[in-house]
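Down below is the structure, laid out as structure tokens.
A short reminder: the numbers here are calculations on the coordinates, not readings from a lab. Every value quoted in this text rests on a predicted model; they were computed, and no experiment measured them. Here the Cβ positions follow ideal geometry from the backbone for every residue, glycine too, while neighbour counts run over all protein chains shown.
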Amino acid sequence: MSRNDNRAAVCGVEFLPVSRATVGNMPGNPVIRVGGTFVRLPIASAEFRESETNGTPVEQELEAVITSTGADNLSGYRDLLADYGLLRLTFTNGDVRVVGTDEFPVLVSTELSGTHRSLTLSFKRDSPEPSKIYSSF
């Protein structure tokens with residue numbers, strides 16, 4: 001969900017390894033500028049939560065499921081997500097936010113499960129800053 005609209009749902013997830021990104025970030029600023037090509041992940045479902053309490057790190061948690069898990073796709077997803085990176089989340093209310101920064105990138109875990117072979121992407125972390133509004137260079 002978005003920090004501004006509790007009814008908004010994640011409808012798009014993209015990943016960019018921080019090694020391939022150009023990032024303009026000012027701590028405390030709600031906007032992050034990112035240059036680079038995000039790779040769209042074909043999610044079947046996704047849920048993002050973050051909670052912020054003054055003076056403490058922001059708790060962030062993502063769980064997303066990919067069902068396109070043929071051998072070629074699966075290998076590509078795992079190779080892409082093996083690096084620290086930035087996640088760009090698109091919400092149903094039109095918000096586009098970035099989770100992670102060049103100094104505090106995200107590391108996504110993957111788990112293959114189920115009889116229909118779905119790949120679950122997840123992370124749970126404490127971040128010094130909340131997700132930020134996306135702006136490109």
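Within the set of pairs 6 or more residues apart or between chains, which connect a residue that is within 16 Å of ASN29 (Cβ to Cβ) inside the range 80-105 to a residue that is in a strand (DSSP E or B) and among the acidic types (Asp, Glu) with Cβ atoms less than 9 Å apart?
LEU86/GLU14; VAL99/GLU50
For residues that are out of contact with any Ser or Thr (no Cβ under 7 Å at 6 or more places or on another chain) and crowded, with 17+ Cβ neighbours inside 10 Å, scanning just the range 18-38, find the one that is farthest from LEU80 (Cα to Cα).
Only one residue tops the list, namely ALA21.
If I ask for residues that are loosely packed, with under 15 Cβ neighbours inside 10 Å and in contact with a strand residue (DSSP E or B) (Cβ under 9 Å, 6 or more places away or on another chain), which ones from the range 83-95 would you list?
The one that is loosely packed, with under 15 Cβ neighbours inside 10 Å and in contact with a strand residue (DSSP E or B) (Cβ under 9 Å, 6 or more places away or on another chain): THR92.
Every residue in the range 66-79 that is hydrophobic (A, V, I, L, M, F, W, C) and without any contact (Cβ under 8 Å) to a residue 24 or more places away in the chain, please.
Answer for the range 66-79, where residues must be hydrophobic (A, V, I, L, M, F, W, C) and without any contact (Cβ under 8 Å) to a residue 24 or more places away in the chain: just ALA71.
Of the residues that sit in the range 118-132 and are loosely packed, with under 14 Cβ neighbours inside 10 Å and not acidic (Asp, Glu), which one is nearest to the chain's Cα centre (by Cα)?
Checked the range 118-132; the qualifying residue nearest to the chain's Cα centre (by Cα) is LYS124.
For the range 108-137, which positions are among the hydrophobic types (A, V, I, L, M, F, W, C), in a loop (DSSP other than H, G, I, E, B) and under 22 Å from ALA71 (Cα atoms)?
The one that is among the hydrophobic types (A, V, I, L, M, F, W, C), in a loop (DSSP other than H, G, I, E, B) and under 22 Å from ALA71 (Cα atoms): VAL108.
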